[in-house]
Amino acid sequence: MVYFVGAGTGAADLITVRGMRLLGQADVIIYAGSLVNPELLAYAREGCKVYNSAKMTLEEVVQVMRQAEEEGKTTVRLHTGEPSIYGAVREQMDELERFHIPYESCPGVSACFGAAASLNLEYTLPGISQSLIITRMEGRTKVPEQESIERFAAHQASMAIYLSAGMVEELSRRLVAGGYREDTPAALVYKATWPQEEAYVCTVGTLYPTAVEHNITNTALILVGDAIAHQHYQKSRLYAPDFSTGFRAAKE
């Protein structure tokens, strides 16, 4: 059996309880060593064999899984954050299906939620934004034209931009071209929830100088939107005294 487990945002204690238990039961762990906090391996039981997928190809990863399955062992494939977001898990699952190897997924907490916690943000403030766009800049991996930064920027929603810290100057230009004001609040969060975390609140127009000043070129999340400033929003109707719910009648 293979379990795809989300490692969480970075801090070793932000993995799910289920994910921690699965690590403790595994005979084999294949972890994304370029991004996953190695402290999580402390949850592994004695004798567990550990592989670092940062040095492996897809074929090599699948071969380890196949070998473990043939030996009746349990494998945990430990991915950064939440595996369904930029986790490259589907291609592994397809290979497992080809070899009739059963698998399950255990969700994790993605970096954008760790970053929100670090900055005490609410992305969906009434009157400001009711949507969160999770995306990335086009790099060596293409992005569909209809999902360009400019097209998403036109919505003026809260945005969490992954895998783009090395292209911040171009990102800033595209955000403005798409419709964000230069003074739209933004933030750079390096290694959210890790001990090495750095977080800087700035604006769309000052993203690049902020990144240069603090030498941030990778492993950082870029947040954009008026919700970051948490000003001029409307209070939730859910708790308004004149608003009825299935649990509470409106008060006169």
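Tabulated data
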quantity: Cβ-placed point charges (K, R +1; D, E -1), dipole of the chain about Cα centre in debye, nearest 20; calculated: 380 debye
quantity: Cα long-axis angle, helix 58-70 against the chain (0 to 90 degrees, to the nearest 10); calculated: 50 degrees
quantity: Solvent-accessible area per residue for the range 1-61 (1.4 angstrom probe, square angstrom); calculated: 50 Å²
quantity: The chain, relative contact order [Cα under 8 Å, separation at least 6], %; calculated: 19 percent
quantity: The chain - share of DSSP beta bridges that are antiparallel (%, nearest 5); calculated: 40 percent
quantity: Reachable lysines from residue 55, criterion Cα separation under 24 angstrom, eight or more residues apart if same chain; calculated: 73, 142, 191
quantity: In the range 151-252, chymotrypsin sites (Phe, Trp or Tyr not before Pro) in a DSSP loop with at most 13 other beta-carbon atoms within 10 Å; calculated: 243, 247
quantity: Residue 42/residue 104 FRET efficiency (R0 22 Å; Cβ-Cβ; nearest 0.05); calculated: 0.45
quantity: Nearest-0.05 FRET efficiency for residue 169 and residue 196, computed from C-beta distance (R0 35 Å); calculated: 0.90
quantity: Sites matching chymotrypsin sites (Phe, Trp or Tyr not before Pro) across the range 76-119 that sit in DSSP coil, with at most 13 neighbouring C-beta atoms within 10 Å; calculated: 99
quantity: Prolate/oblate/rounded call for the range 142-250, Cα gyration tensor, a/c under 1.5 rounded; calculated: prolate
quantity: Dipole magnitude of the range 1-141 about its Cα centre (Cβ charges: Lys, Arg +1; Asp, Glu -1), debye to nearest 20; calculated: 180 debye
quantity: Prolate/oblate/rounded label for the range 36-84 (Cα gyration tensor, a/c 1.5); calculated: oblate
quantity: Total charge dipole magnitude, the range 205-252, about the Cα centre, Cβ charges on Lys, Arg, Asp, Glu only, Debye to nearest 20; calculated: 260 debye
quantity: The range 1-102 - percent relative contact order, Cα under 8 Å, separation 6 or more; calculated: 41 percent
quantity: For the chain, the longest site-free run once trypsin sites (Lys or Arg not before Pro) in DSSP loop states with at most 13 other Cβ atoms within 10 Å are removed; calculated: 46-139
quantity: The range 122-227 - share of DSSP beta bridges that are antiparallel (%, nearest 5); calculated: 75 percent
quantity: Accessible-area composition of the chain, carbon plus sulfur, in percent [1.4 Å probe]; calculated: 50 percent
quantity: Unit charges at the beta carbon, dipole of the range 118-239: most positive-side option, 202, 155, 178; calculated: 155
quantity: Solvent-accessible area per residue, Å², over the range 95-166 with all protein chains present [probe radius 1.4 Å]; calculated: 54 Å²
quantity: Reachable aspartates and glutamates, given that their alpha-carbon falls under 16 Å from the alpha-carbon of residue 235 and they are not under 8 places away in the same chain; calculated: 122, 226
quantity: Label corresponding to Kirkwood radius over Cα pairs in Å when calculated from the structure given, among (i) 18.0; (ii) 22.0; (iii) 19.9; calculated: (iii)
quantity: Simple spin-label estimate for residue 145 and residue 244 in nanometres, 7 Å along Cα-Cβ; calculated: 5.2 nm
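The values are calculated or read from the model by the stated rules, or taken from the named source; none is laboratory data. None of the values given here were measured: they were computed from a predicted structure. So basically every Cβ, Gly included, is an ideal-geometry build from the backbone, and we count neighbours across all protein chains shown. Accessible surface is based on the protein model in full, side chains and every heavy atom, while ligands, DNA and RNA are left aside. Shrake-Rupley method; radii C 1.70, N 1.55, O 1.52, S 1.80 Å.
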